[in-house]
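The values are calculated or read from the model by the stated rules, or taken from the named source; none is laboratory data. Everything quoted here is computed from the prediction, not taken from an experiment. Please note: Cβ atoms are built from the backbone with ideal geometry, for glycine as well, and neighbour counts cover all protein chains shown.
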Amino acid sequence: MCGIVGATAERRVADILLEGLRRLEYRGYDSAGIAVINDQGLQELRRVGKVKALADAQEATNVNGHTGIAHTRWATHGKVTEANAHPHLSSDTVAVVHNGIIENHESLRKQLQDLGYTFQSETDTEVICHLVHHELKTAPNLLAAVQASVQQLEGAYGTVIMDKREPERLVVARSGSPLVIGLGIGENFVASDQLALLPVTREFMYLEEGDVASVTREQVDVYDVNGHSVQREVHTSDLQYDAGGKGEYRHFMLKEIFEQPIAMRNTLEGRIDGERIAIDAFGNNAEEVLKDIKHVQIIACGTSYHAGMVARYWLEQYAGVSCNVEIASEFRYRSSYVFPNSLIVTISQSGETADTLAALRLAKTLGYKASLTICNVASSSMVRESDLAFLTNAGAEIGVASTKAFTTQLAGLLMLVAALGRSNGVDARVEARIAHALASLPNKLEEALTITEEIEALAEEFADKENSLFLGRGDQYPIAMEGALKLKEVSYIHAEAYAAGELKHGPLALIDADMPVIVVAPNNELLEKLKSNVEEVRARGGIMYVFADRDVEFESDESMRVINIAHVDELIAPILYTLPLQLLSYYVAIIKGTDVDQPRNLAKSVTVE
């Protein structure tokens, strides 16, 4: 979601701030801004639209200084306007950037207005700025003012504040929204994601929940939620920022679709030993932690939720472990029953998804035996706060619509099935089957990508469509849901997914020649049932696009277009059948002329509720 970059240095920092924002563009945003402290005092510059517009304005005005903050905003409170863009200022003295949502902003706004403050924006963030300015009237310095201010805030915030009267200091505060401090020599930096700072440092300090830190050129001082001075470990990052170019591809989304075979190899590397899964891929003590687990509660959002839904089928069928899957934002706000010997599993590409992270923290108070996160970012909050972690090693995913993160999450979940099956005494042949199927997967994914031209041609038939229906059965039902999500995300075509057996319970009313129906049809025990559902659509004049195992007897005709998919073990069919649906959504979006990598209204990492 929103991006934050801050710097204090002997050199001028505008270029560092702007480059940091460029590296966070993939997260999704609608406006950008920068504020610096220099000999003229506090200067700010804001623009609606892309970072390039801000960079052009900065070059024209030469707004620069040795200490500064910058931000890309994804609108929550207030429309997309220059006045609502960050940074926000108070009395041309204090400047603030902020990720998150201040839930009590209305009451704080009223209090501050009564104190004589005039608000220039519709945002919740501006209250932070005026609140700090007010506290500075009695506080000895900016750090103390921020510490007093955050005690009055309710909600989520990752915020950076500067005061022109302390021109070499940034003060940062974190509650529910991630912040990282980058360490240099005679200079230090702040960001919401270490990717923003890789050009200037490889040394990072991750703030914990409730931390407030003072950052100067020479020193970083961190204080915990109780105001006590604490030490946070410094980590050296070997993360590679591979978003610098799309290579031969037109968009990052297409690049990342085609990266899935190598991403899968990276996920599996060193984690399969012949006919066994390396349980220590989940953590050094994973074998002991997973022992006697009888129930799994999966919590996730969006695409990751679909991965969890697939895993439910696998866990109950192959590991003999019961499983519930719930959307994180729903889990947080209801009373739930904790089964004995339960494992809580959170799934997130970024490891910072606000609802999922909050659900993890809640779950840890409810009596679960242990927690596991499946994630793509080793330094993320979920990884650090879980007992066990499986890192997907998919590489940086820049496109907002998740592709390789999803398929590698599924691989990690299938490995978990094998690990829990072994712990529960399931026949060793099941684990061997999973190991062999996973080992074959990278090559199968490469084969699946050979039908790209056929799917690109098929996409032409969607150019004038406004609605679509996706169908699947069993563990392919969540894949149909994921296919529908991808299509709506990047092409803006309304898409719904149903378990195919539900057709007669409502969706058949929608079927006509203008409603394309996309069907996923691997060769499994539900195939004959699925064929009956296909005939129901055909009888009502529907036009179908069937992605079918090449060994299945489906033939194209005027009402049905069949796209043949390589035969695979049904264990990994959900992973394989994801790729053609990703390609379909991509090529339909190209025809519709949408912004594929940064779809409207969406953000890559959702760090607010």
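Observations on the model:
- Pair list, Cβ < 6 Å and 6+ apart or interchain, from segment 569-583 residues that are closer than 15 Å to Q409 by Cβ to residues that are of a type in the set (D, E): P574/D475
- Filter pass, I161 being at pLDDT 95 or above, surrounded by 20 or more Cβ atoms within 10 Å (Cβ to Cβ) and under 25 Å from E25 (Cα atoms): yes
- Condition check for T450: part of a helix (DSSP H, G or I), of a type in the set (V, I, T) and without any contact (Cβ under 8 Å) to a residue 40 or more places away in the chain: yes
- Entry remark, segment 330-350: residues being out of contact with any Asp or Glu (no Cβ under 7 Å at 6 or more places or on another chain), at pLDDT 90 or above and either on the phi > 0 side of the Ramachandran plot or not hydrophobic (A, V, I, L, M, F, W, C) (or both) number 6 in total.
- Among the candidates S386, S380, S336, S350, the residue that is touching a strand residue (DSSP E or B) at 6+ places or on another chain (Cβ under 6 Å) and polar (S, T, N, Q) is uniquely S386.
- Leading residue by the ranking (nearest to A213 (Cα to Cα)) among those in segment 118-147 that are among the aliphatic types (A, V, I, L, M) and under 32 Å from the mean Cα position of the chain (by Cα): L143
- Across segment 364-373, the qualifying residues are those that are in contact (Cβ under 8 Å) with a residue 60 or more places away in the chain and assigned to a strand (DSSP E or B), and the one among them that is farthest from L388 (Cα to Cα) is A370.
- Of everything in segment 189-228 that is assigned to a strand (DSSP E or B) and of a type in the set (D, E, K, R), the residue that is surrounded by the most Cβ atoms within 10 Å (Cβ to Cβ) is E203.
- Being crowded, with 16+ Cβ neighbours inside 10 Å, touching a Phe, Trp or Tyr at 6+ places or on another chain (Cβ under 8 Å), in contact (Cβ under 8 Å) with a residue 24 or more places away in the chain and among the hydrophobic types (A, V, I, L, M, F, W, C) holds for only one residue in V150, V132, V146, and it is V150.
- Flag: R169 matches the condition of being surrounded by 18 or more Cβ atoms within 10 Å (Cβ to Cβ), modelled with pLDDT of 95 or more and farther than 15 Å from H88 by Cα.
- Residues located in segment 10-66, provided they are surrounded by fewer than 21 Cβ atoms within 10 Å (Cβ to Cβ), in contact with a Gly (Cβ under 6 Å, 6 or more places away or on another chain) and either assigned to a strand (DSSP E or B) or among the hydroxyl-bearing types (S, T, Y) (or both): N38
- Some residue of segment 87-96 being buried (at least 17 other Cβ atoms within 10 Å of the Cβ), more than 21 Å from the chain's Cα centre (by Cα), outside any strand (DSSP E or B) and at pLDDT 95 or above: yes
- Residue count for segment 376-400 under the criterion of being modelled with pLDDT under 90 and assigned to a loop (DSSP other than H, G, I, E, B): the result is 10.
- Test: residue in segment 229-237 that is part of a loop (DSSP other than H, G, I, E, B) and not polar (S, T, N, Q): yes
- Residues that are among the polar types (S, T, N, Q) and either free of Cβ contacts under 8 Å to residues at least 60 places away in the same chain or not in a helix (DSSP H, G or I) (or both), drawn from segment 419-447: N424
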